[in-house]
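Participant: One structure follows; several queries about it will come next.
The values are calculated or read from the model by the stated rules, or taken from the named source; none is laboratory data. Only a predicted model underlies this, so the values are computations on that prediction, with no experimental measurement involved. All Cβ positions, even for glycine, are placed from backbone atoms using ideal geometry, and neighbour counts span all protein chains on display. Ligands, DNA and RNA are excluded from the accessible area calculation, which covers all protein heavy atoms including side chains. Shrake-Rupley method; radii C 1.70, N 1.55, O 1.52, S 1.80 Å.
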Amino acid sequence: MLDSLPELSILRRSWSEYAAEGSTHAVRVHEVVIGGTEPVIIAGPCAVESLDQTLNIARAVRAAGGHLLRGGAFKPRTSPHSFQGLGVEGLEILAEVKRETGLGIVTEVMDPRLVEAVARHADMLQIGSRSMQNYPLLTEVGRAGKPVLLKRGWCATLEEWLCAAEYVALGGCRDIVLCERGVRTSCHWSYARSVLDLNVIEPVRRATPLPILADPSHATGQWRLVAPMSLAAVAAGAHGLLIEVVESGADRARLKSDAEQGVPPGILAEIVSGVRAVGGGNEG
Ligand code: PEP
Ligand code: MN
């Protein structure tokens, strides 16, 4: 099956600029290594809503043993009437929280015109599911000189996803991390938002040297499902997780996006210790 993938001139396993055949290309993000021996936990709010909220969550992420902070300043929302993120103010909040906590920042960029501005504050640029086939954006992000987290489009085949990564690589970027975030099926918004496609992890690892993360938050849409799916993803070979977190005691009704899927800090701490126990054999 993998033989039928298109010619990936850069991302193929045997390309000598990458790690030796059969091993993973480790991606360094603000002193954290993704694709090494330890599963990496990137956690934080769905959206940056205020300095207080982001700082509280970042401190909780740090205390739980998380490695990097995620949080959206520019939010891709289905409805144009929904909260779109704080924009540049959100980037400034993330920079302030990085100064306070020392956590590196992972945040989404949606607009090719804003890549430079986002790259000034981010340690890793996230391409969201909806943007996976925005080719001008992929090209621009590939030229930005920062590691890239490339989420899978929720209907994308493995081939389309890897071709998207190849666009980023053609811009010059070698530090690309893939992220499986759920594919849409008949379950949509009944018991869960999507299906976390754990089947894809091994073929991705076989096809390319890129590390792969799983995002059980957007895949499930339900915070109670996040811990078990986190353990399952690491058992299936994921190099780490992207997890949404809410403040301790948060009033979910007041959250501006993805209110039902953020885990409380206590659950995040359980996930971190759980995946350490499961994910010892992550190398290679
Ligand atoms: C996110 O991680 O903030 C996000 C919007 O996720 P996705 O692009 O996977 O929907
Ligand atoms: Mn979200």
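Participant: 222 nm [θ] for the chain, helices only, -39500 (n - 2.57) per DSSP H run of 4+, per residue, to 500?
Facilitator: The per-residue figure over the chain is -10000 deg cm²/dmol.
Participant: How high is the FRET efficiency between ALA117 and ARG62 when r is their beta carbon distance and R₀ equals 41 Å, given to the nearest 0.05?
Facilitator: Working: r = 26 Å, r/R0 = 0.63.
In this case the efficiency is close to 0.95.
Participant: Just how large is the dipole of region 143-203 about the Cα centre, in debye to the nearest 20, putting +1 at every Lys and Arg Cβ and -1 at every Asp and Glu Cβ?
Facilitator: Details: 8 positive and 7 negative charges, 67 e Å.
Taking the Cα centre of region 143-203 as origin, the dipole is about 320 debye.
Participant: Could I ask something else about it? By accessible area of protein heavy atoms, probe 1.4 Å, what ranking do ASP52, ASP251, ASP175 get, highest first?
Facilitator: ASP52, ASP251, ASP175
Participant: Continuing with this model, one more query. Compute the Cα gyration tensor for the chain, then decide on rounded, prolate or oblate, letting a ≥ b ≥ c be the square roots of its eigenvalues: rounded whenever a/c is under 1.5, prolate when a/b is larger than b/c in the other cases, and oblate in all that remain. Mind dumping the intermediate values first?
Facilitator: On the way: a/c = 1.41, a/b = 1.27, b/c = 1.12.
Verdict is rounded for the chain.
Participant: Compute the accessible area per residue over region 35-113, keeping the other protein chains in place, probe 1.4 Å, unit Å². Walk me through the intermediate numbers first.
Facilitator: Numbers: 3050 Å² over 79 residues.
Accessible area per residue, region 35-113: 39 Å².
Participant: By how many degrees, between 0 and 90 and to the nearest 10, does the Cα long axis of helix 223-235 differ from the longest principal axis of the chain?
Facilitator: 30
Participant: How much net charge surrounds VAL246 when only the other residues with a Cβ under 10 Å from the Cβ of VAL246 are counted, with Lys and Arg +1 and Asp and Glu -1?
Facilitator: Details: positive: ARG252; negative: GLU244, GLU247, ASP251, ASP258, GLU260.
With Lys, Arg at +1 and Asp, Glu at -1, the neighbours total -4.
Participant: From a point 7 Å beyond the Cα of ARG130 in the direction of its Cβ, which residues of region 49-77 have a backbone N at a distance under 19 Å?
Facilitator: What the label zone holds, given the 19 Å backbone N cut-off, is 49, 71-77.
Participant: Below 10 angstrom from the Cβ of VAL32, what's the summed charge of the other residues (Lys, Arg +1; Asp, Glu -1)?
Facilitator: Result for the neighbourhood of VAL32: -2.
Participant: Please list GLU31, GLU140 from largest to smallest accessible area, probe radius 1.4 Å, with all protein chains kept in place.
Facilitator: GLU31, GLU140
Participant: Also, I was wondering about something else. Take the alpha carbon gyration tensor of region 29-161, find the square roots of its eigenvalues, order them as a ≥ b ≥ c, and report rounded if a/c is under 1.5; if not, report prolate when a/b exceeds b/c, else oblate. Don't jump to the answer; show the numbers that get you there.
Facilitator: On the way: a/c = 1.60, a/b = 1.22, b/c = 1.31.
The shape class here is oblate.
Participant: Give me a comma-separated list of calculated 3J(HN,Hα) values for region 146-163, in order, Karplus coefficients 6.51, -1.76, 1.60 applied at θ = phi - 60°, integers in Hz, x for any Gly or Pro.
Facilitator: Residue by residue, region 146-163 yields 10, x, 10, 9, 9, 6, 7, x, 6, 10, 7, 6, 4, 4, 5, 5, 5, 5 Hz.
Participant: Ranked from highest to lowest mean number of other Cβ atoms within 10 Å per residue, what is the order of the peptides 189-202, 98-111, 61-74?
Facilitator: Values: 189-202: 16.6, 98-111: 19.6, 61-74: 23.6.
Descending packing order for the listed peptides: 61-74, 98-111, 189-202.
Participant: Measure off, as a whole percent, the carbon and sulfur share of the 1.4 Å-probe accessible area of the chain, all protein chains present.
Facilitator: 50
Participant: Using the Cα centre as the reference, give the magnitude of the dipole from point charges on the C-beta atoms of the chain (Lys, Arg: +1; Asp, Glu: -1; all else neutral), rounded to the nearest 20 debye.
Facilitator: 240
Participant: Calculate, for region 139-197, the solvent-accessible area per residue in square angstrom, rolling a 1.4 angstrom probe over the heavy atoms of the protein chains.
Facilitator: Dividing the accessible area of region 139-197 by its residue count gives 39 Å².
Participant: If each of VAL278 and ARG28 carries a label point 7 Å out from its Cα toward its Cβ, how far apart are those two points in nm?
Facilitator: 3.0
Participant: Between ALA232 and ALA259, what length comes free when the chain is fully extended (0.36 nm per residue of separation minus the Cα-Cα distance, one decimal in nm)?
Facilitator: Roughly 7.4 nm would be gained on extension.
Participant: Related question: Please compute, for the alpha-carbon atoms of region 102-258, the extent along each of the three principal axes and give them in descending order in Å.
Facilitator: 40, 36, 29
Participant: Could you tell me what percent of the DSSP beta bridges with both partners in region 132-284 are antiparallel, to the nearest 5?
Facilitator: About 10 percent, rounded to the nearest 5.
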